Amino acid sequence: MEHKTTLIRPFGLLLEPKKFFDDLSNLNVNHLRELVRREHLIVLRGFRSFQHAESFSNYCQGWGEISIWPFGKVLELIEQDKPEDHIFDNSYVPLHWDGMYRPQVPEFQIFHCVKAPLSNQGGRTTFSNTILVLQNASADTKKLWNKVTGIYQRKMEFYDSKVASPIITKHPYQDFFVIRYNEPHNEKKGHFINPPELKFTGLSHEELIEFHSSLEQMLYAPSNFYAHEWQTGDLVIADNFSLLHGREAFISKSPRHLQRVHILSDPPFANPGLETRK
């Protein structure tokens, strides 16, 4: 099938059909999978959308083995009236990687936008390309980051887990390095329900201030960072092994509704730093 391809800055590809509302099944998934591994993020826009969660998960099965959660295959990301966790709130979410508290870390995240917020209501999903971050950081800065290990602990409905990871670590299956980091909550950006417990070791208190500041600056630098403004029907596939992602806050009661599926690598990547208590 012919489609239009547009580069996203600073990374990623936008694919659109030349015939509006063409079917996603006409796109070769093996080709798309390699595009994501090379470009780290692709947006499929203007294709025929999914009518329900089952049709979405059926499509995702073509990408590989789906990671099954207690709720099933598809996470419905929609604001709840009385959320007990930030993923169901309208608050901003700091940068992190998915599966960090799970036995297996997924390679791909597939997001489907059931309903997009209005353009002035916020709610963009944020992505930082840690390969670019490491390429663009100075040698001294990377030397500082290399000394740090993050220890993260989080309890929610679906798990009660603790995980430790060096900030700079090797990609599970490729010959390059990536960053694994759960960004601390910034109170200036608003409230945050059920935050994780974070601890960072390897540096003095003064050095840790420099560490967080320098890493934040590089993660959000325009040369490394992309914020996706959703349109209804968008499908976004992200490289969870190389990117960190988060969410901008959005106006409460906005019609923001995303669905998310996790796709495991082949073979699945066992979480190397996990300590599970539930």
remark   = Any trypsin sites (Lys or Arg not before Pro) in the stretch 1-94 that lie in a DSSP loop and have at most 15 other Cβ atoms within 10 Å would be K18, K19, R48
request  = Return the distance in nm (one decimal) between the two label points of a simple spin-label model at E210 and E157, each offset 7 Å from Cα along Cα→Cβ.
outcome  = 4.4
ask   = Taking the Cα-to-Cβ direction at I193 and at H3 and moving 7 Å from each Cα, how far apart do the two end points lie in nm?
value = 3.5
task = For helix 29-39, report the angle its Cα long axis makes with the longest principal axis of the Cα atoms of the chain; keep it between 0 and 90° and round to the nearest 10°.
result = 40
remark   = Given a Förster distance of 35 Å, the FRET efficiency implied by the Cβ-Cβ spacing of E39 and Q80, rounded to the nearest 0.05, works out to 0.55
task = Using only Cα atoms, find the angle between the long axis of helix 205-219 and the longest principal axis of the chain, and express it within 0 to 90 degrees, rounded to the nearest 10.
result = 20
Coil-residue GluC sites (Glu not before Pro) of the stretch 178-240, DSSP, other Cβ within 10 Å capped at 13 = E229
Sparsely packed chymotrypsin sites (Phe, Trp or Tyr not before Pro) within the stretch 50-148, loop by DSSP, other Cβ within 10 Å at most 10 = F71
key: Subset of K147/K188; K73/K170; K115/K253; K73/K253; K188/K253 violating a 18 Å alpha-carbon distance limit   = K147/K188; K73/K170; K73/K253; K188/K253
note = Scalar couplings 3J(HN,Hα) for the stretch 236-251 by Karplus 6.51 cos²θ - 1.76 cosθ + 1.60 (θ = phi - 60°), nearest whole Hz, x for Gly and Pro, are 10, 10, 10, 7, 6, 6, 10, 9, 10, 9, x, 8, 7, 4, 9, 5
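Each reported figure results from applying straightforward, stated rules to the coordinates on display, with no laboratory input. Nothing here was measured: the structure is a model prediction, and the numbers come from that model. Note that we place each Cβ from the backbone using ideal geometry, even for glycine, and neighbour counts take in every protein chain shown.
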